[in-house]
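S.K.: Quick one: the structure is below, questions incoming.
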Amino acid sequence: MTGRDVLAMQLAGSFNMLRERLDMLSEQEWTARAIPGTNLPGFTVWHAARTIDWGIHCAIQGVPEIADRPEWRDLRAADFAYGAGITSQEADQVAQSVSRHQVRGYLDAVQAAALAWLKARRDGDLDTVPEFEAHQGVKPRYRTPSVWAEVSDFVGKPTWQILARPCISHIRVHAGEIDILRQASRVGTPSATS
């Protein structure tokens, strides 16, 4: 097993975790705030899918993201980037205006492209350092202070780190967050399970 194989397995796991959460969340839970001060689950799933798209296409390759395609215009990526550095009001707008169905289709499209790209890489390719800062210049929103502050530490990092951190580890954090929010929303309801 190579380093690329390990990353591919973990990246596939990121997609599987997000798909499982999409299947578990009801329409009501998608936009329900179970704990004050947290993001809505719908935003969190959208943000996780957008993060993988951004990480693999923009950050690493410097190519247009899947969300840039006309069929994904309703994802509101042009308005809210990939969710980093946006306000809580903007995050709520994402969950309220982008459906689970839209995110599911988008997640499938991102998965196909991301895994095909990674499969075509060799281990040595993953050590290359992408032109991260230049790639972010394609979209003015990506270089606003609030967004840039969230990701500027990736400048000079190799491809494998961008895969391992935002596209894999970050997704697991958000999967856990969704699980906690779902559990919190069910506390005190007759159908709640332990």
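The values are calculated or read from the model by the stated rules, or taken from the named source; none is laboratory data. Remember, it's a predicted structure, so these values are computed and weren't measured experimentally. As a convention, Cβ positions derive from the backbone with ideal geometry for all residues, glycine included, and neighbour counts pool all protein chains shown. Ligands, DNA and RNA are stripped out before the accessible areas are found, and what is left, the full protein with its side chains, is counted by its heavy atoms. Shrake-Rupley method; radii C 1.70, N 1.55, O 1.52, S 1.80 Å.
S.K.: Enter the accessible area per residue of the chain (Å², integer; probe 1.4 Å; all protein chains in place).
M.R.: On the way: 9210 Å² over 194 residues.
Using a 1.4 Å probe on heavy atoms only, each residue of the chain averages 47 Å².
S.K.: Let me ask something else. When the dipole is taken about the Cα centre of the chain, and only Lys, Arg (+1) and Asp, Glu (-1) are charged at their Cβ, what size is it in debye, to the nearest 20? Each step should come with its number before you reach the end.
M.R.: Values: 21 positive and 23 negative charges, 29 e Å.
Its charge dipole is roughly 140 debye.
S.K.: Ok, one more. Along region 42-53, what does the Karplus equation 6.51 cos²θ - 1.76 cosθ + 1.60 (θ = phi - 60°) give for ³J(HN,Hα), rounded to whole Hz, x for Gly and Pro?
M.R.: Those phi angles translate into x, 5, 4, 5, 4, 4, 5, 5, 5, 5, 5, 4 Hz.
S.K.: Which label belongs to the value computed from this structure, given these candidates for Cα extents along the principal axes in Å: (i) 96, 58, 28; (ii) 88, 45, 30; (iii) 54, 39, 30?
M.R.: Correct label, based on the coordinates given: (iii).
S.K.: Also, I was wondering about something else. Helix-only estimate, please: 222 nm mean residue ellipticity of the chain, summing -39500 (n - 2.57) across DSSP H runs of length 4 or more and dividing by its residues, to the nearest 500. Before the final figure, lay out each step's value.
M.R.: Details: 10 runs with 108 residues, N = 194.
-17000 deg cm²/dmol, from helical runs alone.
S.K.: While we're on this one: Relative contact order for region 1-114 using alpha-carbon pairs under 8 Å, separation at least 6, rounded to a whole percent? Numbers along the way, then the final one.
M.R.: Numbers: 103 pairs, mean separation 36.0, N = 114.
Relative contact order, region 1-114: 32 percent.
S.K.: In addition: Across region 112-126, in residue order, what do the Karplus-derived ³J(HN,Hα) couplings come to in whole Hz, using 6.51 cos²θ - 1.76 cosθ + 1.60 with θ = phi - 60° and x for Gly and Pro?
M.R.: Working through the residues one at a time gives 4, 5, 5, 5, 5, 4, 5, 4, 7, 8, 10, 3, x, 4, 6 Hz.
S.K.: Could you run the Karplus curve 6.51 cos²θ - 1.76 cosθ + 1.60 with θ = phi - 60° over region 59-64 and give me ³J(HN,Hα) per residue in whole Hz, x for Gly and Pro?
M.R.: Karplus values, whole Hz, x for Gly and Pro: 4, 8, 8, x, 10, x.
S.K.: Let me ask something else about it. Quick one: with all protein chains in place, what share of the accessible area of the chain is carbon or sulfur, to the nearest percent (1.4 Å probe)?
M.R.: On the way: 5040 of 9210 Å².
Answer for the chain: carbon and sulfur cover 55 percent of the accessible area.
S.K.: Subtract the Cα-Cα distance of Gln28 and Asp74 from 0.36 nm times their separation in residues, and report this length gain in nm to one decimal. Could you put the intermediate results ahead of the total?
M.R.: Numbers: separation 46, 0.36 × 46 = 16.56 nm, distance 2.03 nm.
Answer, rounded to one decimal: 14.5 nm.
S.K.: Evaluate the relative contact order of the chain (contact order divided by residue number), counting alpha-carbon pairs under 8 angstrom at least 6 apart; express in whole percent. Could you put the intermediate results ahead of the total?
M.R.: Details: 229 pairs, mean separation 66.1, N = 194.
This gives 34 percent for the chain.
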